[in-house]
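The values are calculated or read from the model by the stated rules, or taken from the named source; none is laboratory data. Fair warning: this is a prediction, and the values are worked out from it, not measured in the lab. Every residue, glycine among them, receives a Cβ derived from its backbone with ideal geometry; neighbour counts consider all protein chains shown. Note: areas computed on protein heavy atoms with side chains; ligands, DNA, RNA excluded. Shrake-Rupley method; radii C 1.70, N 1.55, O 1.52, S 1.80 Å.
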Amino acid sequence: MKFPSYCHVFGYLCGRRQQQVYGSQLQKEMSHLNRINLHNLLVRLLSMPPRDILSNIPYDTHTVALGSKFDAYRSITKFLQLYKCEGQLPRRIHRMDNYLASQPLAATRIVDLTHGIAGPYCTKLLADYGADVIKVERPLIGDYARGIGPFPNDVNNPETSGMFLFLNTNKRSLTLDLNNASDSEFLRQLISEADILVENFKPGQMRKWGLGYEELSKVNPNLIMTSISNFGQSGQYKDYQGSDLVLYAMGGNMTRTGLPDRYPLQLVDNHVQYHAGNVAAMATLIAWYSRNHKSIGGQHVDISILETQLGSVNGSLQSFVGYQYTGDRPLRLSQGGAIGLPGNGYFPCLDGYVGISAPYARWPNVVALLGMPELLEDPRFNTPAKQADPEVREEFIGTIWLPWVLERTKQQFVEECQAHEIISGLINDISEAMDHNPQADSRGYFVTKDHPAAGTLRYPGAPIHAPVGWWQLRRSAPLLNEHQEEIRTHKWNASGSAISESEAPSGKLPLEGIRVLDITLALAGPYATMLLADLGAEIIRLEPLSFLPLGGRGQLARPSPEQEKNALVSLYANRDPGERPWNRSSGFNSMARNKHSISIELGTPEGKESFRKLVEVSDLFLQNSVPGAMERLGLGYDTLKEWNPRISMLSIAGPGQTGPWKEYRGWGYIFEALYG
């Protein structure tokens, strides 16, 4: 599951919001005040004329734009107006840290009408980053995810469903009967004051309740409404039923999942639903950002779960471009699908199983790993064509590779492969992933939280390591209707997002004006920058000229035309690498749209000077090198900050930038296995 791409885009947008609104020194100081000191501060501020309040908001180097100062001014004066009217700290601010926290979405109000997995996962991501989410459930029954489980000791209890507990952290629960006039009217009141509404009913159901976007936008013109459905709000399939299996199959990826001589297989569990939830969260955040900072106004965001599969980085994008290049359809390949030995695969070892990805470009590394230099000149294995032969592969695996692997434990295998820069990983079960995971332990990944019915449990932590406080597990999942009295009395804890009052831009995309430097390879990084580019950001890819990086524009700089003609699947248009094959790879081109490219050698003085000039005029730098690589080049974040204090840096690595596994190399499926 290539969710990190969405997470990094999500984190960047949250980051810009935090820099603009929560980066002011005044708010940082206010976050440390207790209620008494805050009362005294507010009394003092109330006596100031507006221009003096504005002058007390410093413009520091962390603020992205001068407009940020006025955003902060509007937020503070709005707070003061509430305080002046009520004569006390507004009761709707349930806890001090809900308003003054460092969480980027802390002022955002969300009505959550979703159930199941995709919708609740969308709102969970937003809630975990600070949004005030009111989850509206059916009376007595609640969200049907409460019945999915697993349950402690296999005792069915709607308050202890593991699925529900995970998907609904940081939310408050209220039950409403939407067929009841008074309940429906109260929901309209909530929505009229909300920033975001997320729902996943069948298309047309919200209109039947009088809650369609057309009606709601009249009472709340700035409302962001996200609708998640199987096939979207329009089209001939919009009323069709769907499931994870059906949607995965229709998305085109299932034809390549499974063994070649068997039927296609679905991915495990609810992959499609979680992926759709990620897409919905990012799309909602983009609409929120556009409204707040680009004056685009309210929007209705239509999420088709099928379309999230059609656009998935898990094979669909590359397959669609490849099909147009060659007419080839994706194949279900046995182990070793990549050209090379041992290729891509999973193998038994002394104490379990291990995974590896070793394409032909890594053949010298494999030979060094085995301690058999004679294999480099062995006529059985010394060309890509021979390594693509199934009989040759069977001979290598059976007589050389497997005996070597079977002599080693999982940890020994991975340590030796990684020492030779070969992508590899452990295949862990769930107990190993949770209870014997030094990487997760070193980063404090799992977070413990009490629940009144389920007891004390460990929960997955932040998907993005960012400034302290961005992600917080403030409360466990709610009991059914737990917050009815609180919500009906005070409604919202959050103040509501500040909205830019500048003139709406004409025909501009949400991220226009943002410049991004990109040196990422493989899938997650290029996919993330593709998403940013599609939304208007200027993406400048920085690529070396002296070598062809693995995971970039193809495995080989000069692939054999004859081999490509006979290959099961070719990356190149008409199966012809051409004079410049690096420009013809479907794998690269599928995620390179809307981007610029320049050649640059970051290891040379000239390259570093050119990079510095680019950093000085850019907003964001994305890289997914092995942790420490940028520092070894003298291009770590501390250096970039000296050149441009405004720049943000996103570093994408499978295990993360810290911890004992930080230098492990891997792809998506390697890390999926590593984490159980």
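Can you tell me which residue is least open to solvent (accessible area, probe 1.4 Å) among those in segment 584-607 that are within 14 Å of LEU556 (Cβ to Cβ) and not hydrophobic (A, V, I, L, M, F, W, C)?
SER585
Just checking: which of the helices (runs of 4 or more DSSP H) contained wholly in segment 317-406 hold 1 or more residues that are among the charged types (D, E, K, R) and in contact with a Gly (Cβ under 9 Å, 6 or more places away or on another chain)?
Because the criterion is at least 1 residues that are among the charged types (D, E, K, R) and in contact with a Gly (Cβ under 9 Å, 6 or more places away or on another chain), the helices (runs of 4 or more DSSP H) in segment 317-406 that meet it are 390-396.
Filter segment 164-177 for residues that are open to solvent by less than 10 Å² (accessible area, probe 1.4 Å), hydrophobic (A, V, I, L, M, F, W, C) and either more than 15 Å from LYS491 (Cβ to Cβ) or part of a helix (DSSP H, G or I) (or both) and give the result. Break it down into steps so the answer makes sense when it comes.
Initially, segment 164-177 is screened for residues open to solvent by less than 10 Å² (accessible area, probe 1.4 Å), giving 164-165, 167-174, 176.
Remaining after also requiring hydrophobic (A, V, I, L, M, F, W, C): 164-165, 167, 174, 176.
Residues satisfying the conditions are PHE164, LEU165, LEU167.
Looking at SER319, SER290, SER295, which one is more than 30 Å from ARG109 (Cβ to Cβ) and touching a residue at least 12 places away in the same chain (Cβ under 8 Å)?
SER319
Yes or no, residue by residue, for (1) surrounded by 15 or more Cβ atoms within 10 Å (Cβ to Cβ); (2) among the aromatic types (Phe, Trp, Tyr); (3) closer than 23 Å to ALA537 by Cβ:
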{"position": "ARG612", "(1), (2), (3)": "yes, no, yes"}
{"position": "VAL617", "(1), (2), (3)": "no, no, yes"}
{"position": "LEU633", "(1), (2), (3)": "yes, no, no"}
{"position": "ASP638", "(1), (2), (3)": "no, no, no"}
{"position": "LYS641", "(1), (2), (3)": "yes, no, yes"}
{"position": "ARG646", "(1), (2), (3)": "yes, no, yes"}
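Among GLN241, GLN266, GLN233, which is open to solvent by 60 Å² or more (accessible area, probe 1.4 Å), in contact with an Asp or Glu (Cβ under 9 Å, 6 or more places away or on another chain) and not hydroxyl-bearing (Ser, Thr, Tyr)?
Residue meeting the stated conditions: GLN266.
Is it the case, given these coordinates, that TRP661 is modelled with pLDDT under 95, within 30 Å of TYR346 (Cα to Cα) and open to solvent by less than 30 Å² (accessible area, probe 1.4 Å)?
In short, yes.
Taking segment 122-163 as the search range and keeping residues that are of a type in the set (Ser, Thr, Tyr) and crowded, with 24+ Cβ neighbours inside 10 Å, which one is farthest from LEU190 (Cα to Cα)?
Ranking the candidates gives SER161 first.
In segment 320-336, what residues are at pLDDT 90 or above and among the polar types (S, T, N, Q)?
Across segment 320-336, the qualifying residues are GLN324, THR326.
Among the residues of segment 178-200, are any under 18 Å from ALA280 (Cβ atoms), in contact with a His (Cβ under 9 Å, 6 or more places away or on another chain), modelled with pLDDT of 95 or more and open to solvent by less than 50 Å² (accessible area, probe 1.4 Å)?
Scanning segment 178-200 turns up at least one residue that is under 18 Å from ALA280 (Cβ atoms), in contact with a His (Cβ under 9 Å, 6 or more places away or on another chain), modelled with pLDDT of 95 or more and open to solvent by less than 50 Å² (accessible area, probe 1.4 Å).
Any residue in segment 472-495 that's within 24 Å of ASN157 (Cα to Cα) and open to solvent by less than 10 Å² (accessible area, probe 1.4 Å): show its pairings with residues that are of a type in the set (A, V, I, L, M) and assigned to a helix (DSSP H, G or I) at Cβ separation under 9 Å, as long as the two are six or more apart or on different chains.
Correct list of pairs: ALA477/LEU165; ALA477/LEU167.
Please determine, by comparing only the residues of segment 534-543 that are in contact with a strand residue (DSSP E or B) (Cβ under 7 Å, 6 or more places away or on another chain) and not charged (D, E, K, R), which one is nearest to LEU509 (Cα to Cα).
Out of the qualifying residues, it is ALA537.
Filter the helices (runs of 4 or more DSSP H) completely within segment 178-291 down to those with at least 1 residues that are among the acidic types (Asp, Glu) and under 25 Å from the mean Cα position of the chain (by Cα).
Values: elements: 181-192, 205-208, 213-219, 244-250.
Where helices (runs of 4 or more DSSP H) fall fully within segment 178-291 and carry at least 1 residues being among the acidic types (Asp, Glu) and under 25 Å from the mean Cα position of the chain (by Cα), they are 244-250.
Name every residue in segment 608-666 that is farther than 30 Å from ASN365 by Cα, aromatic (Phe, Trp, Tyr) and touching a strand residue (DSSP E or B) at 6+ places or on another chain (Cβ under 8 Å), in order of residue number.
Looking only at segment 608-666, we keep the residues that are farther than 30 Å from ASN365 by Cα, and these are 609-621, 637-649.
Retained after the next criterion (residues that are aromatic (Phe, Trp, Tyr)): 611, 621, 637, 643.
Result: PHE611, PHE621, TYR637.
State all residues of segment 354-385 that are surrounded by fewer than 16 Cβ atoms within 10 Å (Cβ to Cβ) and among the basic types (Lys, Arg); if no residue qualifies, say none.
Passing the criteria: only ARG380.
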